Amino acid sequence: GLCAPPLRRTCHATGRHQINGPNAFWYSPETRPYNRSCADFYKNFTHPYFRCLAIGAAEVLSICVRKGNDNRITQHDFNHAVANLNLEVIAITSDFKTFSTPNSLIWSSLNLIDEHSINSVDAMVLRSALDVAIELRNDANDKLVLVASDQRLLKAARDEGLLVFNPETDPEQVLRAWVES
């Protein structure tokens, strides 16, 4: 899930990389337990760049449980994913920003369910990203990138004109080019 408020950053050091310019990264946290290759992506972009709806954290846990139950991930990977979710997103000490889901977001996302054949959580993610994208378009230097691995959500976001990045399949250079432009 994602959040509603825009992000505005001027410069942020990320260890080996420097990211310049005000940008928004919309994080759909289900990407985290899907594939270990995602870990490299998250190492290069620190949490202050990411925002999500709190319901997204519940969705991540649900995905972890499903993947653990049907043996798509090992018990070790399940434990690691849940520990990361708790440490990086849920913990009060985390600098990862989460937001509650207001009723207005729920109601305004309903049309996206049928229009794009996506589930309700993905519709809320998409609606919140679209709302922020509208705010960010007022400044030509601001960018919003929806980060997710769900193919229907990515397609719906693309169809709505958003930049999308799948950390499981897209090379990081694509995202870096958007950030640095």
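Derivation of every value follows stated rules applied to the coordinates shown; laboratory data play no part. Everything numeric here is computed off the predicted structure, so don't read it as measured data. Ideal geometry is used to build each Cβ from the backbone, glycine not excepted, and the neighbour counts take in all protein chains shown.
Please list, in order along the range 104-119, the HN-Hα scalar couplings obtained from phi with the Karplus expression 6.51 cos²θ - 1.76 cosθ + 1.60 (θ = phi - 60°), rounded to whole Hz, x for Gly and Pro.
Result, rounded to whole Hz: 4, 5, 4, 5, 6, 8, 4, 5, 6, 4, 6, 4, 10, 6, 10, 6.
Calculate one ³J(HN,Hα) per residue across the range 120-127 by plugging θ = phi - 60° into the Karplus curve 6.51 cos²θ - 1.76 cosθ + 1.60, and present them in order as whole Hz with x for glycine and proline.
Calculated HN-Hα couplings, in order: 5, 5, 4, 5, 5, 4, 5, 4 Hz.
What is the fewest-to-most order of LEU162, LEU153 by other Cβ atoms lying within 10 Å of their Cβ?
Least to most surrounded, the residues fall as LEU162, LEU153.
Which value results for Rg/Rh of the range 49-102 when Rg is the Cα radius of gyration and Rh the Kirkwood radius based on the inverse mean 1/r?
Ratio of gyration radius to Kirkwood radius: 1.02.
Give a residue-ordered list of calculated ³J(HN,Hα) values for the range 71-76 (Karplus: 6.51 cos²θ - 1.76 cosθ + 1.60, θ = phi - 60°; whole Hz; x for Gly, Pro).
6, 7, 10, 6, 4, 4
Stretch ALA58-GLU172 to full length: gain in nm at 0.36 nm per residue minus the Cα-Cα span?
Going from the current span to full extension adds 38.4 nm.
Amide H to amide H, which residues 5 or more places from PHE99 or on other chains are under 5 Å from it, using H placed in the peptide plane?
The answer is CYS52, LEU53, ALA54.
Just check the range 89-181 against the gyration tensor rule for me: Cα atoms, a ≥ b ≥ c as the square roots of the eigenvalues, rounded for a/c under 1.5, and otherwise prolate or oblate depending on whether a/b exceeds b/c.
Rounded, since a/c falls under 1.5.
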